[in-house]
Amino acid sequence: MTFTVDQKYTEQEIATNIAILQENIEKARLKSELAADKVNLIAVSKMHPPVHIEKALKAGHRIFGENKVQEAAKKWPALREKYKNIELHMIGPLQTNKVGQMLQHFDVLHSLDRPKLARVLAKEMDKQGKRIDCFIQLNTGNEDQKSGHDPEKAGKFIQYCQDELDLPVVGLMCIPPIDQDPEVHFGFLLKLAQDYGLKCLSMGMSSDYRQAVRFGSTHVRIGTSIFGPRVGKKEHHLLEHLP
Ligand SMILES: *Cc1c(COP(=O)(O)O)cnc(C)c1O
């Protein structure tokens with residue numbers, strides 16, 4: 001696999017990035033009554049090679065996110081051998097034919113977004129005898145190109161996953177449209193999670209994690225502010241998000 005990444009951050013710099021983020025998360029948390037008691041920092045390592053990811057592992061970080069099953073399958077088995085207690089989160093769109101492999105490599109799924117995927121997942125969990133926590137992803141901006149279930153029908157889908165398929169649904173996830181105020185989307189997700197008694201909220205990235213934390217996020221997904229830019233095809237806009 002070829003990576004087109006700027007790996008200029010040292011282990012020390014990555015440790016500092018993580019510490020700054022934890023501090024900012026804590027500050028945001030203390031500012032809001034809606035904030036969760038605990039916020040998990042998911043270090044999004046997609047497109048970064050193992051040598052770069054290891055800098056975060058050496059700094060003691062253990063929670064990571066990837067958005068492609070294939071890429072995770074190549075990178076993480078060796079890292080799991082070397083470092084214990086890793087928690088790997090699947091945060092990208094998932095095809096039904098990858099569900100089996102996903103379940104082998106990941107500990108949490110953030111992108112459960114359609115009935116067919118839910119059915120395949122339930123079956124595969126039975127088959128492998130492995131159940132992992134799931135977030136239901138909602139397309140709160142109703143964007144054509146973005147994955148996520150229709151927010152208008154969220155209630156029905158949540159109940160379908162929980163009651164009919166007995167999936168371990170722990171929370172909701174969204175990615176706000178880049179041209180909109182993210183707080184509207186975070187507020188919407190928080191209200192829905194409360195209505196359905198769901199404890200977790202996966203929201204907030206490098207650009208908007210402080211706002212997400214103030215609206216009750218329990219899992220922020222941060223890549224650029226930890227590892228630096230993923231200098232690839234479509235990623236140039238992320239250069240703005242450095243700490
Ligand atoms: C890449 C990605 C992130 C991290 O984005 P940054 O802006 O680099 O922090 C978060 N969530 C999802 C779903 C992603 O695909």
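Laboratory data are not the source of any read-out in this text; all were calculated from the coordinates shown. Here the structure is a predicted model, which means the values were calculated and not measured. All Cβ positions, even for glycine, are placed from backbone atoms using ideal geometry, and neighbour counts span all protein chains on display.
Roughly how large, in nm² to one decimal, is the mean projection of the convex hull of the alpha-carbon atoms in the stretch 86-221?
Here the figure is 7.9 nm², rounded to one decimal.
Under a Cβ-Cβ cut-off of 15 Å, what is the net charge of the residues other than His219 that fall near it, where Lys and Arg count +1 and Asp and Glu count -1?
+1
Give me the dipole magnitude in Debye, nearest 20, for the stretch 100-185 about the Cα centre, with unit charges on the beta carbon: positive for Lys and Arg, negative for Asp and Glu.
Once rounded to the nearest 20, the dipole reads 500 debye.
Identify, among Gly65, Asn97, Trp76, the residue whose Cα sits farthest towards the positive end of the charge dipole of the stretch 57-102, taking +1 on the Cβ of Lys and Arg and -1 on the Cβ of Asp and Glu, with the dipole about the Cα centre.
Result: Trp76.
Note down the nm distance, to one decimal, between modelled labels 7 Å out along Cα→Cβ at Ser32 and at Asp181.
It works out to 1.3 nm between the two label points.
Apply the Karplus curve 6.51 cos²θ - 1.76 cosθ + 1.60, θ = phi - 60°, to the phi angles in the stretch 58-67 and return the couplings in whole Hz, x for Gly and Pro.
5, 7, x, 6, 10, 9, 10, x, 9, 10
Using a Gaussian network model of the chain whose springs link C-alpha atoms within less than 10 Å, name the residue from Pro176, Pro115, Pro229 with the highest mean-square fluctuation.
Pro115
Hey, what did the chain get for relative contact order, percent, Cα under 8 Å, at least 6 apart?
It comes to 23 percent, rounded to a whole number.
When the Karplus curve 6.51 cos²θ - 1.76 cosθ + 1.60 is applied with θ = phi - 60°, which whole-Hz ³J(HN,Hα) does each residue of the stretch 25-42 get, with x for Gly and Pro?
4, 5, 4, 5, 4, 6, 7, 10, 6, 7, 5, 6, 5, 9, 10, 8, 9, 8
Could you please report the charge total around Glu54, scoring K, R as +1 and D, E as -1 over all other residues with beta-carbon less than 11 angstrom from its beta-carbon?
Summing Lys and Arg as +1 and Asp and Glu as -1 gives +3.
Over the stretch 115-165, what is the relative contact order in whole percent, taking alpha-carbon pairs under 8 Å and six or more residues apart?
36
Can you work out the base-10 log of I(q)/I(0) for the stretch 101-146 at q = 0.18, 0.26 1/Å, using the Debye formula on its C-alpha atoms alone?
-0.57, -0.98
Need the full-extension length gain, Glu143 to Lys127, defined as separation in residues times 0.36 nm minus the C-alpha distance. One decimal, nm.
2.3 nm
In whole Hz, what ³J(HN,Hα) sequence does the stretch 106-119 give by Karplus (6.51, -1.76, 1.60; θ = phi - 60°), x for Gly and Pro?
For the stretch 106-119, the Karplus curve yields 10, 9, 8, 10, 9, 10, 6, 9, 7, x, 4, 4, 4, 5 Hz.
How big is the dipole moment of the stretch 1-159 about its Cα centre under a simple scheme where the beta carbon of each Lys and Arg is +1, that of each Asp and Glu is -1, and everything else is neutral? Debye, nearest 20, please.
500
Taking the dipole about the Cα centre of the stretch 96-231, with the C-beta of Lys and Arg at +1 and of Asp and Glu at -1, give me whichever of Phe106, Phe186, Thr218 is farthest to the positive side.
It is Phe106, whose Cα lies furthest towards the positive end.
So what is the relative contact order of the stretch 1-130, in percent, for Cα pairs below 8 Å that sit 6 or more residues apart?
That works out to 19 percent.
If you find the alpha carbon centre of the stretch 42-93 and of the stretch 145-210, how far apart are they in angstrom?
24
Assuming a ≥ b ≥ c are the square roots of the Cα gyration tensor eigenvalues, decide whether the stretch 1-135 counts as rounded (a/c under 1.5), prolate (otherwise, with a/b larger than b/c) or oblate.
Oblate is the answer for the stretch 1-135, as a/c is 1.5 or above yet b/c matches or exceeds a/b.
From the Cα gyration tensor of the chain, with a ≥ b ≥ c the square roots of its eigenvalues, which class applies: rounded if a/c is under 1.5, or else prolate if a/b is larger than b/c, or else oblate?
It comes out oblate by the Cα gyration axes.
Give me the one-decimal nm value for the distance between modelled label points at Lys74 and Glu164, 7 Å along each residue's Cα-to-Cβ direction.
Each label point lies 7 Å from its Cα, and together they span 3.8 nm.
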